[in-house]
Each structure stands twice: as C-alpha cells, then as structure tokens.
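What follows is a single structure, written as structure tokens, with notes after it.
The values are calculated or read from the model by the stated rules, or taken from the named source; none is laboratory data. All values derive from a computational prediction rather than experimental measurement. Glycine also receives a Cβ, built like all others from the backbone with ideal geometry; neighbour counts cover every protein chain displayed. Keep in mind that these areas ignore ligands, DNA and RNA; they rest on the heavy atoms of the full protein, side chains included. Shrake-Rupley method; radii C 1.70, N 1.55, O 1.52, S 1.80 Å.
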Amino acid sequence: IAKGNYALLSPVEYCYFDMPESSTPGEVQAATWSRPVSVEQVYTLKPDAYGTGGRVLGVQACLWSDQFIVGTRLQEIDALNENRSEHYIEYLTYPRAIALSEVGWTASSRRDYADFTRRLATQYAVLDLKGCHYRVPEPVVSAVKNDDGTTTVTLTPSVLGARMRYRTDGRYPNVHSTEYTAPVRVRRLSDFLAITEVSPRHFSLPVCPA
C-alpha cells in the first residue's frame, strides 16, 4: 500500500478461520500456531488502519484445510448419510463470516459490536433454515462467592432470545437439562456447566466458571 499497490486484507489475527474460535475445552481441532480468533475479534478489524486513498480493496477470510484435516478424522461415512467435512467447515466459518462481511461494507466509525450481536441473533435462524452447521457462542458466566461457602452463578445470554441450560453435577448439559431462569447457588463451582441453546440441533460447548 505504501508503494501505491492495491491490497486485499487477510491478517491472521482477524481473518484466518482455520484458527479455533475459542480455547473452550471441546473446541474442534484446528490450527494452533496462532491464538484463537473470536467473532468479536473479527468484528474489530479496521481496514482503514492499513491505508487510505482507496488502496485497500476489501477483506478476505482464509480457511486452510491442511491445518486440521488429519488422517480419517473427516472421512465421510456413507452408511450414516452424513456430511462430516462440510459440517466441520461450516462450524469454523459461521458466524465469523457474517462479522467479516459487515467489516467489509461498514466503516469502522459506524460499527458497534453490541448492536451487531443483537442483529446476529436473527441470523442464526436464517442459518438454521439453510441447514448450516454453525458455531453457537457460550453463555457469559460470572460467579460470586457467598459467606456460607457456596457460590452464586449468574448467566448472561450471548444470543438474544436463546435458552440457556445448565447442570450442577459436573456433567455436560444438553437441550433437556434445566433451563436457566435465575442465578443458581452451588456448593462446588466446578460442578456447574452451562450451554446456549439456539435450537434443539444447535447449542454451544459447555462452559464452566471455575
């Protein structure tokens, strides 16, 4: 750009979707030579910081499959009529591609991540209708130690309108677990695990506040 050339931006820390989205236990196998790239991180990319004057043509996401396809891990199983590799790619691509799209068409000064997350909630329904195997963000968890030795855990939704479900026995919750409606008091913080449920088929990894 400094020499007058045109450029498409694809910096690793914002645009390499073969990096996992988080370091949450249970995340899919992905490249590990750089740090995770969250949806929020993607959204904070500022193309104008790399140069002005129309030399930056746009942004581009990269997903290098050689970084995570190992042996028969993504081998299709015809008898199950499944599409494992496509689901894997979709999980790494969405919703990060939606965040990068808005980076490309909206000036940095007009972007607001809180507003984006509210609007993103409606896009999960669109992805569901398309049969897309997207990644669901975990609930935001906070915990406060009580004087009696117990801990009160509070969940904040990461997807507007989505259910949050939890267990207090150290086991992974699922769509049939108790729905979160109010702060939960637990004896051992490590026994509390929670998920975001966007639909019966799409829910997040379990997150523990411990």
| field | Candidate set from the range 115-136 (those that are charged (D, E, K, R) and open to solvent by less than 50 Å² (accessible area, probe 1.4 Å)); member that is farthest from the chain's Cα centre (by Cα) | value | 128
| said: Out of 165, 135, 187, I need the residue that is out of contact with any strand residue (DSSP E or B) (no Cβ under 6 Å at 6 or more places or on another chain), of a type in the set (Lys, Arg) and free of Cβ contacts under 8 Å to residues at least 60 places away in the same chain. Which one? | reply: 187
| Any idea which residue in the range 192-210 is farthest from the chain's Cα centre (by Cα), counting only those that are closer than 11 Å to residue 151 by Cα and open to solvent by 20 Å² or more (accessible area, probe 1.4 Å)? | 210
| said: Restricting to the range 37-58, and then to whatever is at pLDDT 95 or above and crowded, with 16+ Cβ neighbours inside 10 Å, can you tell me which residue is farthest from residue 92 (Cα to Cα)? | reply: 45
| Name the residues in the range 2-51 that are of a type in the set (S, T, N, Q) and closer than 12 Å to residue 63 by Cα, would you? | 10
| query | What number of residues within the range 137-149 satisfy the criterion of being within 19 Å of the chain's Cα centre (by Cα) and in a strand (DSSP E or B)? | reply | 3
| note | Within the range 160-181, residues open to solvent by 50 Å² or more (accessible area, probe 1.4 Å) and under 17 Å from residue 150 (Cβ atoms) come out as 167, 168, 169
| said: Any residue in the range 16-43 that is more than 20 Å from residue 140 (Cβ to Cβ) sitting within a Cβ distance under 8 Å of a residue that is surrounded by 15 or more Cβ atoms within 10 Å (Cβ to Cβ) and acidic (Asp, Glu)? List the pairs, counting only those 6 or more apart or interchain. | reply: 30/18; 31/18
| query | If you go through the range 61-104, how many residues are in a loop (DSSP other than H, G, I, E, B), surrounded by fewer than 14 Cβ atoms within 10 Å (Cβ to Cβ) and modelled with pLDDT under 80? | reply | 9
| said: Considering only residues that are assigned to a strand (DSSP E or B) and over 11 Å from residue 197 (Cα atoms), which ones fall in the range 150-169? | reply: 151, 152, 153, 154, 155, 156, 167
| request: Give the residues of the range 114-136 that are over 12 Å from residue 197 (Cβ atoms) and outside any helix (DSSP H, G or I), sorted by residue number. | output: 130, 131, 132, 133, 134, 135
